[in-house]
1. Name every residue in the stretch 225-257 that is outside any helix (DSSP H, G or I), at pLDDT below 90 and touching a strand residue (DSSP E or B) at 6+ places or on another chain (Cβ under 7 Å), in order of residue number.
2. Answer with yes or no whether residue 6 is part of a helix (DSSP H, G or I), exposed (fewer than 14 other Cβ atoms within 10 Å of the Cβ) and on the phi < 0 side of the Ramachandran plot.
3. Restricting attention to the stretch 305-315, which residues are more than 16 Å from residue 269 (Cα to Cα) and over 33 Å from the mean Cα position of the chain (by Cα)?
4. Would you please name the residue that is nearest to the chain's Cα centre (by Cα), looking only at residues in the stretch 76-90 that are without any contact (Cβ under 8 Å) to a residue 12 or more places away in the chain and surrounded by 12 or more Cβ atoms within 10 Å (Cβ to Cβ)?
5. Under 6 Å between Cβ atoms, at least 6 apart or on separate chains: pull out the pairs that start in the stretch 227-244 with a residue that is under 13 Å from residue 210 (Cα atoms) and end on any residue that is part of a loop (DSSP other than H, G, I, E, B) and at pLDDT 90 or above.
């Protein structure tokens, strides 16, 4: 490997660590703000509980004062009843006394209700105080840990910045500009090559390009993503002794399976593609992936009915049914690209299916030689 490419590998590692540390340092104040907002919410619950207790106390005192006022009225009416001269006046005073007594009973009921509620209010206050005390301790601990983590990240950031400058000093300026320009727009300016592919953009390399990268004698740039390419010989598989080929029959996918994978060699303008159909709930869906790089093409298309009836135009004579069964949640988790391990499995099964479809060449058995009679 060229020394400059090795320096670029060190540079990219430093760039990634610096970016990670900067993002973590920037995220810590937000984390502390969330913690403090949670504590503020608990404080608000406690304040509301205390305010409710105060409001109940004020209401209880108001009802007690109203009872005293009504009792004063009753005393006054009874004094007046001793001085009345007519029966009508006496009855009128008795009615006023009855009304006052009814008001007193109503206020007493309210006071009793408030006394019952007071027990609940006190429990709410005590629970909120306990929760606030516990959260305050936890939050102070988390804030201390966040401050410590920030200090550690800043120390590491300084170290990685120094490593980054040291790595940049060992790279030619023109190559450094290429790396910086691509990294600015694609997030990285360097990519490893493995299995004849650029691992960053998943595009297959031409044999000549692949051999140039493996040799490590010159700087090679990916034609697709413009990243500088390198090959790590540590990933080379050890050469094993040849093993006899076992002619094992390829397993065929089940006809009635809810999920079905197909290969189409020429799917309109899209070229070679993998199609995956998924039955479920009376409907079926179709996803299309580029057969070379595994990138999803277009959106998920849903039609009513089982996929053989819903998408008959896709099941042409040149379509090859493949083995493959992944949960629909896994397909969703892949996002816009098939994982490399899945893409390799599909490609391997496609090779087996093509080999299986080829007519076999039969050779005549050669009779074993018998030793000459003595």
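1. Across the stretch 225-257, the qualifying residues are 232, 253.
2. Spelling it out, it is not the case that residue 6 is part of a helix (DSSP H, G or I), exposed (fewer than 14 other Cβ atoms within 10 Å of the Cβ) and on the phi < 0 side of the Ramachandran plot.
3. Selection gives 308, 309, 312, 315.
4. Checked the stretch 76-90; the qualifying residue nearest to the chain's Cα centre (by Cα) is 76.
5. Taking only residues 6 or more apart or on different chains, the pairs are 229/222.
A quick yes/no check of all residues on (1) in contact (Cβ under 8 Å) with a residue 40 or more places away in the chain; (2) surrounded by 15 or more Cβ atoms within 10 Å (Cβ to Cβ); (3) out of contact with any helix residue (DSSP H, G or I) (no Cβ under 9 Å at 6 or more places or on another chain); (4) not assigned by TED's automatic domain parsing to the domain that holds residue 180:
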residue	(1), (2), (3), (4)
14	yes, yes, no, yes
17	yes, yes, no, yes
22	yes, no, no, yes
26	no, no, yes, yes
35	yes, yes, no, yes
41	no, no, yes, yes
49	yes, yes, no, yes
54	no, no, yes, yes
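Conditions tested, residue by residue: (1) part of a helix (DSSP H, G or I); (2) farther than 30 Å from residue 224 by Cα.
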{"site": "93", "(1), (2)": "yes, yes"}
{"site": "98", "(1), (2)": "yes, yes"}
{"site": "107", "(1), (2)": "yes, yes"}
{"site": "111", "(1), (2)": "yes, yes"}
{"site": "130", "(1), (2)": "yes, yes"}
{"site": "171", "(1), (2)": "no, no"}
{"site": "174", "(1), (2)": "yes, no"}
{"site": "180", "(1), (2)": "yes, no"}
{"site": "193", "(1), (2)": "no, no"}
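The values are calculated or read from the model by the stated rules, or taken from the named source; none is laboratory data. Nothing here was measured: the structure is a model prediction, and the numbers come from that model. Cβ: placed from backbone, ideal geometry, glycine included. Neighbour counts: every protein chain shown.
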